[in-house]
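Written out below as structure tokens is the structure these notes cover.
Coordinate-derived values only; no laboratory data. The shown structure was predicted, so the numbers you read here are calculated from the model rather than taken from an experiment. With ideal geometry, Cβ positions are generated from the backbone for all residues, glycine too; neighbour counts draw on all protein chains shown.
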Amino acid sequence: MASPTPPPKVRASSVPDPTRSGGASGQHPGFAAVLDPLPIPAAVVTRADEVPLVVLANPAFIERQLMPGDACELDRKLLAELISVASRNDSGKARRPWTSVDPVKTRRYDVTAARIELAGLEWPHFLVSLIDRTSEIETHDSFRRETMRDSLTGLPNRAGFEDIVETRLAEQGTDGRPAAPGFAIITLDIARFSQINECAGGVVGDELIITVARRLMGRVRKTDVIARIGGDEFAVFVPLRGTNERELSRIITRIRDIFVNPYRLSDLEIQIDGAIGIALSKPGLSDCANYIRQSQIALKRAKRTRQAEIYTPEELDKARRRFTLETELRKAIELDRLELYFQPLIDMSNGFVTGFEALARWKDPDYGMISPVEFIPVAEECGLIVPLGRWALDRACKVLNEWDARAGEVLPIKVSVNVSAAQFARDDIPNMVASILRANKTRPERLCLELTESVVVSDPARAAKVMSALRALNVSLAMDDFGTGYSNLAYLQQLPIDVLKIDRSFVTHMLKERDKVAIVRAILSLASALGMETTAEGIETLEIAQTLAALGCSFGQGYFYSRPVPADEAYDYMITRMG
């Protein structure tokens, strides 16, 4: 409806008042006084036959083309609702958000209706005002988009991923759409990313993340959602038709394909791998964050098994157990509740004790004796392996001093301490060893550090540098579990290794399996050619001990001689076997 020119004395435009005869001349004189001071769009509105009508409007209201009848008219249904609610409210007010349908620029308003209390009004009238929130909302939306997106890859981050997935699931089953199908949340972790980042630099690390993201985007379907949810961790939302295992297998294969070809980064060509964890949806459960946690639990297992793993409820119990162990292990280290046990190393030529392997043992007040097979992986995963490894080395040196004091002389024995691959990668091993030896006044030649082949495989250059620094301290080095990993003659020649430890898997049943005898003989010949000594683990019978001695093995350990025992028992055993 067109608006006539406002009366000369008021800065407002008027329309006929349906409550009085005579059009604008019948307006209440107080309306202009209400509208005049307002810099925002405002109008006096009443209702006739349930239809909201504008009685008087200020210029800002008209300039915004909000008058009924214009292209961007204020929604009559909204006005009717506001007036109805304001009429019922004790406060006489009502507020609703409203988005204009302006074809040039969509604008967003807070629309408020407040009942006008003026003497002489025969009908209820309301002041309708509009506060333009467009800039504020656009800024908020822009900020929200930024906070929901990963700046490096342009993919959604974890919060954005959860928002998109939950929105996608909420839309299913509405507006006539079919109910939500099954889906999977897949998490992907880049193997050795931290080492690549440290060795090649942050720029190469970022380039690797971007390249992985691009390859991943090229392998998924349009219906899938990809996100970067952590430093080197990605997540994929995959809708599934029911529980089609073949479909899921094809998707996993496509994702694995991103690691088939090497990655060319700056001047480097790197072959990488990744671990994949999967969480499958359950009917009635759509909490994306929970599915991400489940897939991450499966991902941890995938890192150990090196194959894609699907979450099972039992994994949650295991994860809770690991979390409990982490908490209790932290306390045990801080409160010195751990203990070192010692398993003797026997000279195969004469049967005397030449040293001991120090092994951490943990007896918790509530959970009892906890196997190192269980708590060592937990320590490696959460970073406690560094303080645990340092404690073991320091305690081993202290026990040597205690034994020397009891014997009244410096005993001719060594102690071997394990250094896990995780501690080797995270700790400053040479300085740590030198510091502990110095603090305990322990001669370096009485210490042997046992390393695994994975230490060398993960970063050969760094391993060589660290091992050379340890050798310079005059500390002995043993390669533990030799033959079970990626045995490589090249690094055996190049690295300062003193002892090869033959894994128990080759020793325990060697007399029953000729192949194992051949392997043991080959390892002994190799060690002899390289000028190294050998230690056979897992000796459980006299026959095996005699066979190994005949083959030329240097040292042996196993239950045939003694199980790992506390320090006092180890001392007594040593005295009886030293002749």
Worksheet item: Helix 372-382 versus the longest principal axis of the chain: what is the Cα-based angle in degrees, 0 to 90, to the nearest 10?
Response: 40 degrees
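How many times 2.2 N^0.38 Å is the alpha carbon radius of gyration of the range 275-406?
Here the Cα radius of gyration is 1.42 times the empirical estimate.
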Worksheet item: If you keep only loop residues by DSSP, which GluC sites (Glu not before Pro) in the range 476-579 have at most 13 other Cβ atoms within 10 Å of their Cβ?
Response: GLU513
Worksheet item: Where in the range 553-570 does the amide nitrogen come within less than 20 Å of the point 7 Å from the Cα of ALA407, taken along Cα to Cβ?
Response: 555-558, 561-570
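For the range 392-475, which trypsin sites (Lys or Arg not before Pro) pass both filters: DSSP loop (anything but H, G, I, E, B) and at most 11 other C-beta atoms within 10 Å?
Listed in order of number, the matching sites are LYS441.
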Discussion item. When 1/r is averaged over all different Cα pairs and the result inverted, which Kirkwood radius in Å belongs to the chain?
Written reply: 30.7 Å
Item to complete: Calculate, for ALA119 and ASN89, the FRET efficiency according to 1/(1 + (r/R0)^6) with r their C-beta to C-beta distance and R0 22 Å; round to the nearest 0.05.
Response: 0.50
Fill in: Gain in span if fully extended, MET217 to LYS105, counting 0.36 nm per residue against the direct Cα distance
37.0 nm
Fill in: Modelled FRET efficiency - R0 22 Å, GLU50 with ARG96, Cβ distances, 0.05 increments
0.80
Worksheet, complete the sentence: Residue-normalised 222 nm signal for the chain, counting each DSSP H run of n ≥ 4 as -39,500 (n - 2.57), nearest 500 deg cm²/dmol, is -13000 deg cm²/dmol
Practice prompt. Excluding residues fewer than 8 places away in the same chain, name every one of the lysines whose C-alpha is closer than 24 Å to that of LYS105.
Written response: LYS77
Worksheet item: How about the range 102-173: which GluC sites (Glu not before Pro) there lie in a loop by DSSP and see at most 14 other Cβ atoms within 10 Å?
Response: GLU117, GLU122
Worksheet, complete the sentence: Tilt, helix 76-88 to longest principal axis of the chain (alpha-carbon atoms), in degrees rounded to tens, equals 90 degrees
Worksheet entry | At R0 = 60 Å, FRET efficiency that the Cβ-Cβ distance of ALA518 and GLU138 yields, to 0.05 | 0.20
Worksheet item: Using a simple spin-label model with points 7 Å from Cα along the Cα→Cβ vector, what separation in nm is obtained for GLU63 and THR324?
Response: 7.0 nm
Worksheet item: How big is the antiparallel share of DSSP beta bridges in the chain, given as a percent to the nearest 5?
Response: 75 percent
Worksheet, complete the sentence: If MET578, MET369, MET467, MET148 are placed from fewest to most neighbouring beta carbons inside 10 Å, the sequence is MET369, MET578, MET148, MET467
